[in-house]
1. Out of all the residues in the stretch 108-135, which are surrounded by 14 or more Cβ atoms within 10 Å (Cβ to Cβ) and in contact (Cβ under 8 Å) with a residue 40 or more places away in the chain?
2. Which residues, taken from the stretch 154-181, are under 18 Å from HIS131 (Cβ atoms), in contact (Cβ under 8 Å) with a residue 60 or more places away in the chain and assigned to a loop (DSSP other than H, G, I, E, B)?
3. Is one or more of the residues making up the stretch 92-104 hydroxyl-bearing (Ser, Thr, Tyr), outside any helix (DSSP H, G or I) and either exposed (fewer than 15 other Cβ atoms within 10 Å of the Cβ) or touching a Ser or Thr at 6+ places or on another chain (Cβ under 7 Å) (or both)?
4. Is one or more of the residues making up the stretch 136-150 of a type in the set (Gly, Ala, Ser), over 30 Å from LEU75 (Cα atoms) and either buried (at least 20 other Cβ atoms within 10 Å of the Cβ) or not assigned by TED's automatic domain parsing to the domain that holds SER106 (or both)?
5. Which condition breaks for GLU55 when tested against (1) closer than 26 Å to PRO180 by Cα; (2) at pLDDT below 95?
Amino acid sequence: MESGASRVATAGGGNGTEDLAGSSQAQRSLQEGPPTMLHKLRQRAQDEKGFTLIELLVVILIIGILAAIALPAFLNQRGKAQDTEAKSMARTAQTTFESEYADAQSYAGIPDPAALKALEPSIEVAGTKAHVTAAVGTATDWTVTVTSATNNTYTIAKSAAGVVTRSCVVPNGAKRYGCPTGGNW
């Protein structure tokens, strides 16, 4: 007659001790003990071959948030660059006026933007980018105004006393970009 322990081992039919000893799971559990959590995670990672829909949506959401943060900063830098281009053109016009004075001992040779462009071809007098909108020279003083692509205007003027002033004007409702709050640059 069989004992109670042997009946439990042979309940599946056949020789219970040989079936239990022959299975790989039984060998692993007898040799290593129960599977560790790390082993279960490795097994699960090997079984998965892609990303779930939720994981993809979370990544897209993060990219969207980062884009929403970066876009306004990019647009602000673009406006500053456009205003810097206008300031640079105004300084180029200033140099052109001073070159004219060195040659003729008068600024009167530059009565308008077209005459300024004739002396300095890099100066633009029309278009959507920075361009000279006013340039007036007399015998002893001059004024040049450049409008930026942001519609801010930058003016450099030299008085008969030799004082150079730089000012800027921001249209109502427009952003300041490169024009400081005091209106002088």
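The values are calculated or read from the model by the stated rules, or taken from the named source; none is laboratory data. Since the structure is predicted, the reported quantities are computational estimates derived from the model, not experimental observations. When we count neighbours, we look across all protein chains shown, and the Cβ atoms used for this are built from the backbone with ideal geometry, even at glycine.
1. Answer for the stretch 108-135, where residues must be surrounded by 14 or more Cβ atoms within 10 Å (Cβ to Cβ) and in contact (Cβ under 8 Å) with a residue 40 or more places away in the chain: ALA130, HIS131, VAL132, ALA135.
2. Residues satisfying the conditions are TYR177, GLY178, CYS179.
3. Within the stretch 92-104 (the criterion being hydroxyl-bearing (Ser, Thr, Tyr), outside any helix (DSSP H, G or I) and either exposed (fewer than 15 other Cβ atoms within 10 Å of the Cβ) or touching a Ser or Thr at 6+ places or on another chain (Cβ under 7 Å) (or both)), the answer is no, since none of the residues qualifies.
4. Step one: filter the stretch 136-150 for residues of a type in the set (Gly, Ala, Ser), giving 137, 139, 148-149.
Now restrict to residues that are over 30 Å from LEU75 (Cα atoms): 137, 139.
Within this subset, residues satisfying the condition of being either buried (at least 20 other Cβ atoms within 10 Å of the Cβ) or not assigned by TED's automatic domain parsing to the domain that holds SER106 (or both) are 137.
Checking the stretch 136-150: at least one residue is of a type in the set (Gly, Ala, Ser), over 30 Å from LEU75 (Cα atoms) and either buried (at least 20 other Cβ atoms within 10 Å of the Cβ) or not assigned by TED's automatic domain parsing to the domain that holds SER106 (or both).
5. Only one criterion in (1) closer than 26 Å to PRO180 by Cα; (2) at pLDDT below 95 is unmet by GLU55, namely (1).
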